Amino acid sequence: MKKNKGIKFIKGLAIIALAGMVITGCKKSTTTTDSDTNSSNENSFAQARFDEAGNISDQAAANSITSYRLSGNANNGSILSSCATIRFDTVNHPDSIIVNFGTTNCLCHDGRYRRGIIYITYTKPHYWDSLDVITLTFSNYYVNDYGISGTKTVTNMGRVGGYPTWNCTVVNGMVTKPASQGGGSYTWNSNITRKQTAGMSTPWIWYTYVYQYTGNSNGVSSNGNGYSALITNPLVYDLSCPWCFVQGTIDFTPTGHPMRIIDYGTGSCTGTVTVNISGTIYTVHVW
């Protein structure tokens, strides 16, 4: 990527999975540039939260009721917190799972606080069956005080090209920001294909799992600007990395602004991504 006037560091919301962002410094430019990364950051934050909700669903189905960890340990990388409860209902149809984090913030071992409920239904006799349709909805669900709502639908496509594959859509997704972050909300809709590329031989050892994502998303940012996003190189989601997304690129287009390129790197767990706006590179760090 071509750099213009050096590298600029900016403050933003979370831009990759399971992460928030912090500013690390800045370097002034002598020219006026389009530096608005608000909507691209919000898109990536929403994707991270809905992706991890899907992982919580998977791990609840496997009855993983241990603390959320992202590396090898006795808990096998389970996402669920010890203060969450899981309730299964296989009598009524469709079968359902309720994951309840309680009404007060629960500190999970990924360093995030969660509260509220995730409701999960599935249409096949077994959660992992091919063509199973899994639906997630939320009730007063918060991650680090960001409210998450909407409907996520996951369809198990079986093995495609030898890899377990799912089609994942989010409809009427919304993230509500806490007052400490200025309040307001933004919307997020997506149509993503998720392919598992590692960890198939070690079921329930979650930190061995690696996924690839392709597809697109769109929404309206908290400042009222519409946007669309297209994954141009598959995003690699590696559960052994605390920040999960380690590779891939997105072409991100806010209404009335030039396209940005969001680059997650080439596979290393660095905790940084870059946003290229008309040749100017913004580097964002994860905490």
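The values are calculated or read from the model by the stated rules, or taken from the named source; none is laboratory data. If you're wondering where the values come from, they're calculated on a predicted model, not measured in any experiment. Please note: Cβ atoms are built from the backbone with ideal geometry, for glycine as well, and neighbour counts cover all protein chains shown.
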Note on TRP204: of the conditions (1) closer than 18 Å to ASN156 by Cβ; (2) touching a residue at least 40 places away in the same chain (Cβ under 8 Å); (3) touching a Lys or Arg at 6+ places or on another chain (Cβ under 8 Å), unmet is (3)
Go through the residues of segment 177-185 one by one and say whether even a single one is crowded, with 16+ Cβ neighbours inside 10 Å, in a strand (DSSP E or B) and modelled with pLDDT of 95 or more. no
Counting only residues that are out of contact with any Asp or Glu (no Cβ under 7 Å at 6 or more places or on another chain) and farther than 21 Å from GLY54 by Cα, segment 227-249 contains a total of 3
Return a yes/no flag: does segment 68-91 have any residue that is at pLDDT 90 or above, among the β-branched types (Val, Ile, Thr), closer than 22 Å to CYS168 by Cβ and out of contact with any Leu (no Cβ under 7 Å at 6 or more places or on another chain). no
Which of the residues belonging to segment 234-282 are surrounded by fewer than 16 Cβ atoms within 10 Å (Cβ to Cβ) and either of a type in the set (D, E, K, R) or closer than 18 Å to ASN43 by Cβ (or both)? ASP251, THR255, GLY256, PRO258, MET259
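Can you name the residue in segment 165-176 that is buried (at least 20 other Cβ atoms within 10 Å of the Cβ) and β-branched (Val, Ile, Thr) and, of all such residues, is farthest from MET200 (Cα to Cα)?
Filtering segment 165-176 for residues buried (at least 20 other Cβ atoms within 10 Å of the Cβ) gives 166, 168, 170, 173, 175.
The next check asks that each one be β-branched (Val, Ile, Thr); those that pass are 170, 175.
Values: VAL170: 25, VAL175: 32 Å.
Filtering first and then ranking leaves VAL175.
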Check whether at least one residue in segment 126-135 is closer than 28 Å to THR253 by Cβ, of a type outside the set (D, E, K, R), touching a helix residue (DSSP H, G or I) at 6+ places or on another chain (Cβ under 6 Å) and in contact (Cβ under 8 Å) with a residue 24 or more places away in the chain, and report yes or no. no
Counting only strands (runs of 3 or more DSSP E) wholly inside segment 246-287, the ones holding at least 1 residues that are among the basic types (Lys, Arg) are 260-266
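Under 19 Å from TYR163 (Cα atoms), over 14 Å from the mean Cα position of the chain (by Cα), buried (at least 20 other Cβ atoms within 10 Å of the Cβ) and not aliphatic (A, V, I, L, M), is that true of TYR209?
Values: under 19 Å from TYR163 (Cα atoms): yes; over 14 Å from the mean Cα position of the chain (by Cα): yes; buried (at least 20 other Cβ atoms within 10 Å of the Cβ): yes; not aliphatic (A, V, I, L, M): yes.
It is true that TYR209 is under 19 Å from TYR163 (Cα atoms), over 14 Å from the mean Cα position of the chain (by Cα), buried (at least 20 other Cβ atoms within 10 Å of the Cβ) and not aliphatic (A, V, I, L, M).
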Kindly check whether there is at least one residue in segment 13-29 that is surrounded by fewer than 23 Cβ atoms within 10 Å (Cβ to Cβ), of a type outside the set (Phe, Trp, Tyr), assigned to a strand (DSSP E or B) and at pLDDT 80 or above. no
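Every residue, every condition in (1) on the phi > 0 side of the Ramachandran plot; (2) over 16 Å from the mean Cα position of the chain (by Cα), yes or no:
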| site | (1), (2) |
| --- | --- |
| MET200 | no, yes |
| THR214 | no, no |
| SER221 | no, yes |
| ASN225 | no, yes |
| ALA229 | no, no |
| CYS244 | yes, no |
